[in-house]
Amino acid sequence: MTKIKSSILISIILLIDIILVFLCIATHQKQTETLKTIPNKKFKQTLVINKPNTMKKSNINPSIVSDKTIYLTFDDGPSYLTSQILDILKQQNVPATFFVTNQQFDKFENIVKKAHIENHTVAIHTLTHNYSYIYSSDENYKEDFEAIRSKIAKVIGYKPRILRLPGGSSNTISKKYSPQIMTRITNYLNENNFYYYDWNIDSGDASGKLSKEQIYNNVTSRLKEGENIILMHDSATKSTTVEALNDIINYGKANGYTFAKITKNTSPIHHHINN
Ligand SMILES: [Zn+2]
């Protein structure tokens, strides 16, 4: 009997041991689960925190998403039309950007100065505007570029660093003068802190003689959220551009656009390089 009693007792002790071991394992599993859950929760929380941060970043980033900005730009001047453009801009109290050439520069030097004094951006286009010369070698381009820079500097007091390439950076006409010259020129400009600007709205005034209505429609129908860099010309034959200008500005103002001139801080609008 004693033997039976003691073996029962041993069995009970063993059973208690087994139960204790089982309880220990169960508790450990629970703890592990809890540990697994906590980092998951933390990770989820981190993600939630990150989301607004990312959104904030894109809001801080300049303009493109929500701003409606118009940059009026005029190539190939100065000419007798430039002073008429300055009058309209003054009356409307809006700034613009002029990419000048040498063609009538001496004749209208005072108009260039006036544009600068009236707080517009006077920038570089080219001295000669001669594609077969400027795009036939890197040296020719740089020589032409520096010559018009120096010429502008004599009028406005400093050498500008903002420019527009004749034909835009995407032109393919340069291919026949020097393959890949646009790639080399734009690399040179980027590496030397020059700021070239193409356009994302073409008024179409370069091609033949458009009516002022056509120019107005070309511009206003293409305006969108973000930055609108409008290509226009103030060379001597572009009188319908001047005639359309007032209505274009009125349309922009009526539709919530602000007007700005190009500065070094303007986000670059670059075409695709095709040569
Ligand atoms: Zn031009």
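Brief remarks follow.
- In the range 222-234, the condition of being within 16 Å of the ligand (Cβ to nearest atom) and more than 24 Å from Tyr80 (Cβ to Cβ) is met by at least one residue.
- Only one of the listed residues (Ser137, Ser211, Ser150) is touching a residue at least 40 places away in the same chain (Cβ under 8 Å), more than 24 Å from the chain's Cα centre (by Cα), assigned by TED's automatic domain parsing to the domain that holds Glu109 and surrounded by fewer than 17 Cβ atoms within 10 Å (Cβ to Cβ). That residue is Ser137.
Conditions (1) at pLDDT 95 or above; (2) under 18 Å from Gly252 (Cβ atoms), marked per residue:
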site	(1), (2)
Asn59	no, no
Pro62	no, no
Asp76	yes, no
Gln84	yes, no
Leu89	yes, yes
Gln92	yes, yes
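- Residue within the range 198-208 that is of a type in the set (Phe, Trp, Tyr) and touching a helix residue (DSSP H, G or I) at 6+ places or on another chain (Cβ under 9 Å) present: no
Matching residues to (1) of a type in the set (Val, Ile, Thr); (2) under 28 Å from Phe259 (Cβ atoms); (3) without any contact (Cβ under 8 Å) to a residue 24 or more places away in the chain; (4) touching a strand residue (DSSP E or B) at 6+ places or on another chain (Cβ under 6 Å):
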| position | (1), (2), (3), (4) |
| --- | --- |
| Asp87 | no, yes, yes, no |
| Asn93 | no, yes, yes, no |
| Thr97 | yes, yes, no, yes |
| Asn102 | no, yes, no, no |
| Ile117 | yes, yes, yes, no |
| Thr128 | yes, no, no, no |
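- From Ala244, Ala254, Ala236, residue being closer than 19 Å to His125 by Cα and more than 19 Å from the chain's Cα centre (by Cα): Ala236
- Whether a residue is within 16 Å of the ligand (Cβ to nearest atom), polar (S, T, N, Q) and assigned to a helix (DSSP H, G or I) was assessed, and Ser132 passes this test.
- The residues of the range 150-186 that are more than 16 Å from the ligand (Cβ to nearest atom), of a type in the set (D, E, K, R) and within 23 Å of Trp199 (Cα to Cα), listed by number, are Lys159, Arg161, Lys175, Arg184.
The values are calculated or read from the model by the stated rules, or taken from the named source; none is laboratory data. Owing to the predicted nature of the structure, the values given are computational and were not obtained by experimental measurement. Using ideal geometry, Cβ is built from the backbone for each residue, glycine included, and neighbour counts are taken over all protein chains shown.
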